[in-house]
1. Residues that are among the basic types (Lys, Arg) and modelled with pLDDT of 90 or more: list the helices (runs of 4 or more DSSP H) wholly contained in the range 193-282 that include at least 3 such residues.
2. When the range 220-266 is examined, which residues are found to be under 30 Å from Phe162 (Cα atoms) and of a type in the set (Val, Ile, Thr)?
3. What residue, among those in the range 144-158 that are over 22 Å from the mean Cα position of the chain (by Cα) and touching a residue at least 40 places away in the same chain (Cβ under 8 Å), is most open to solvent (accessible area, probe 1.4 Å)?
4. Cβ-Cβ under 8 Å, sequence separation 6+ or interchain: first residue in the range 232-255 and more than 21 Å from Ile193 (Cα to Cα), partner outside any loop (DSSP other than H, G, I, E, B) and aromatic (Phe, Trp, Tyr). Which pairs?
5. State the number of residues belonging to the range 100-143 that are hydrophobic (A, V, I, L, M, F, W, C) and open to solvent by less than 40 Å² (accessible area, probe 1.4 Å).
Amino acid sequence: MTAVKQGAPEEGALKEGALEKRRVAVPPARPPARGGAVTLRWVAARVLGWSVLAGFAVAVLYPLLWMVLSGFKDNQEIFEQPWALPGALRWENYARAWELGVVRYFTNSVIVTVASIVATTLISAWAAYGLCRLRMPFGNAVALLVLGGLLLSPTVALIPLFRLLTSIGLFDTYWALIVLYTAFRVPFTIFLIRAYMIELPREVDEAATLDGASTTQIFWRVILPMCRPILVSAALLQALFAWNEFAFALVFVSDDSMKTLPVGLMAMQSRLLTDWPVVLAGLTIAALPTILLFMAGQRQFIRGLTEGVGK
């Protein structure tokens, strides 16, 4: 009897403990009104964010689309119905723009842009490698001196550069633009590539050295492949600069056969006067390569900037 009396309270205590655990395990229900308000705010924030992004997309894409479509119109449609679709696809506007000199200006821009991209990227990569991966005296001072080139405005140096290029015989040649585009973009490109190279593990240099690789081999076979994202970013930025640059191309090239697209299109517009569809067709041809180039390399471009400057 005593055992039975003692076991009853223990059994009751166990039941109360189980009930207490069950109460703790079940979380309190969230009030419906509060949950609905949170969901409503979240949906409103998402709608607002997508609306802002859509507005930016329209603001960027609509002028490009208008320029492309206006190249298919005639003058009457451009002035009377500027926002309407073209009545017919007049491909002859693009053909005429190509024949009036766009093909020559396009070729000149390609030569200057490709040469400046290769020169700027290789020189900057080699300089960045020396500044952040090798032990050199006064390395930080040299880096600050190189980055100080960012403070120099290109337009301020037009007159002395004009005299210099004329005296050495580079005026009115491709080399005038290639040298200037490379010189004025090297400091910024070194800044980009150096920021990326600093974060690369130094163990790869030591391992390559132990395998018998020289400094040049380490640079070409180890460091450059690892820096591909930032190299693509630097090349794209250089391409945008060289393709659209106007001041140097206007001052240091006077021969019409050597002009690049920005200056050549301005000269073509002065010849055509009021033939706006042909001018807009030429502008479309000039903008198309940069758009396609950026679309092709946008993933590497964004990756290089976020992993380099963002570190």
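1. none
2. Val251, Val253, Thr260, Val263
3. Thr155
4. Here the result reads Glu245/Tyr181; Phe248/Tyr181; Val251/Phe162; Phe252/Phe162, each pair linking the range 232-255 to a residue that is outside any loop (DSSP other than H, G, I, E, B) and aromatic (Phe, Trp, Tyr).
5. Counting residues in the range 100-143 that are hydrophobic (A, V, I, L, M, F, W, C) and open to solvent by less than 40 Å² (accessible area, probe 1.4 Å) gives 11.
The values are calculated or read from the model by the stated rules, or taken from the named source; none is laboratory data. On a predicted model such as this, the values are computed, not experimentally measured, just so you know. Positions of Cβ are generated from backbone atoms using ideal geometry, with glycine treated the same way; all protein chains shown enter the neighbour counts. These accessible areas exclude ligands, DNA and RNA; they are computed on the full protein's heavy atoms, side chains included. Shrake-Rupley method; radii C 1.70, N 1.55, O 1.52, S 1.80 Å.
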